[in-house]
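Here is the structure we will look at, set down as structure tokens.
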Amino acid sequence: MKRLLPLRLLVLSMLLPAIASHAQRIAFVDTKYILGKMPDYQSAQSELDRLSSQWQKEIDDRWETIRKLRDAYNAEAILLTDDMKASRREDIEKKEREARDLQKKRFGPDGDLFKKREELIQPIQDRIYQAIKEVAGTTYVAIFDIGSKGNNVLFASEKYDKSDSVLRKLGIRPDKEGEPGNTRGNDDDDQPERQPDDGGAQPQRDGGTSPDRGGGENTIKPPR
């Protein structure tokens, strides 16, 4: 039996490259690192920071004016008639509403900063996704992002999507089963694996936030 050991080691050494090649189907990228090396992203982020500071100062100035009006009202209230008090309070409340509306307009979920971020950052994200797809080529089944929270999947091959196979195991007929061109979830597990082709690749939507210092600075969103 001892004489067989060198032969087994030789066979194992011959198989190791094939095993390593198979394991290489999954890879990762660090989008935080990538963005940090892109001059376009640095310029876009500087512009967003400039606008954010400008708009925040605009809001802060309004609240400072409101504070002064309140202080003046409190100091003079004893000398004012009821009608004058009501008029002054109404004016202050109106300015408070305007300040809150301006803050929402600038920094709300669909506000000016969000729209500007989409305008400046989305093209950069699209370029990154295209580069990831080209790097994946026919070698990788999936590519993960370790530069964002949750290690999101940035790229995955449709060829290995088994969602419909799971539905069939559950006794549920997939909606698109039988339609021309539908390859999702084909039960080919017993067949030898083939390298995925680039045509079967799709970027995965991870729902991440746009890259900015206010929420998910370097989170990459899939191209629309």
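Residues in segment 79-116 that are of a type in the set (Ser, Thr, Tyr) and assigned to a helix (DSSP H, G or I): how many?
1
One residue stands out in segment 40-71 among those that are of a type in the set (Gly, Ala, Ser) and touching a residue at least 60 places away in the same chain (Cβ under 8 Å): the one that is nearest to Glu98 (Cα to Cα), namely Ser52. Residues that are part of a loop (DSSP other than H, G, I, E, B), closer than 30 Å to Thr31 by Cα and under 28 Å from the mean Cα position of the chain (by Cα) do occur in segment 117-138. Does at least one position in segment 91-103 carry a residue that is of a type in the set (Val, Ile, Thr) and in contact with a Pro (Cβ under 8 Å, 6 or more places away or on another chain)? No: zero hits.
Taking Lys32, is it in contact (Cβ under 8 Å) with a residue 60 or more places away in the chain, in a helix (DSSP H, G or I), surrounded by 11 or more Cβ atoms within 10 Å (Cβ to Cβ) and touching a Gly at 6+ places or on another chain (Cβ under 8 Å)? Yes, satisfied.
I'd like to check something: does segment 38-61 contain any residue that is under 39 Å from the mean Cα position of the chain (by Cα), surrounded by 12 or more Cβ atoms within 10 Å (Cβ to Cβ) and over 25 Å from Phe107 (Cα atoms)? Yes, some residue in segment 38-61 is under 39 Å from the mean Cα position of the chain (by Cα), surrounded by 12 or more Cβ atoms within 10 Å (Cβ to Cβ) and over 25 Å from Phe107 (Cα atoms).
Matching residues to (1) modelled with pLDDT under 55; (2) under 16 Å from Gln122 (Cα atoms); (3) out of contact with any helix residue (DSSP H, G or I) (no Cβ under 6 Å at 6 or more places or on another chain):
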| position | (1), (2), (3) |
| --- | --- |
| Leu5 | yes, no, yes |
| Val29 | no, no, yes |
| Ile34 | no, yes, yes |
| Gln42 | no, yes, yes |
| Asp49 | no, no, yes |
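Report the residue count in segment 139-170 for those that are over 23 Å from Leu35 (Cα atoms) and under 12 Å from the mean Cα position of the chain (by Cα).
0
Take the conditions (1) closer than 30 Å to Thr65 by Cα; (2) within 21 Å of the chain's Cα centre (by Cα); Ala86 misses just one of them, which is (2).
When the residues of segment 139-182 are filtered to those that are small (Gly, Ala, Ser) and at pLDDT 85 or above, the one that is farthest from Arg25 (Cα to Cα) is Gly171. The set of residues in segment 71-115 being modelled with pLDDT under 95, of a type in the set (S, T, N, Q) and surrounded by 13 or more Cβ atoms within 10 Å (Cβ to Cβ) is empty.
The values are calculated or read from the model by the stated rules, or taken from the named source; none is laboratory data. Because the structure is predicted, anything quoted here is derived from the model rather than measured. Cβ: placed from backbone, ideal geometry, glycine included. Neighbour counts: every protein chain shown.
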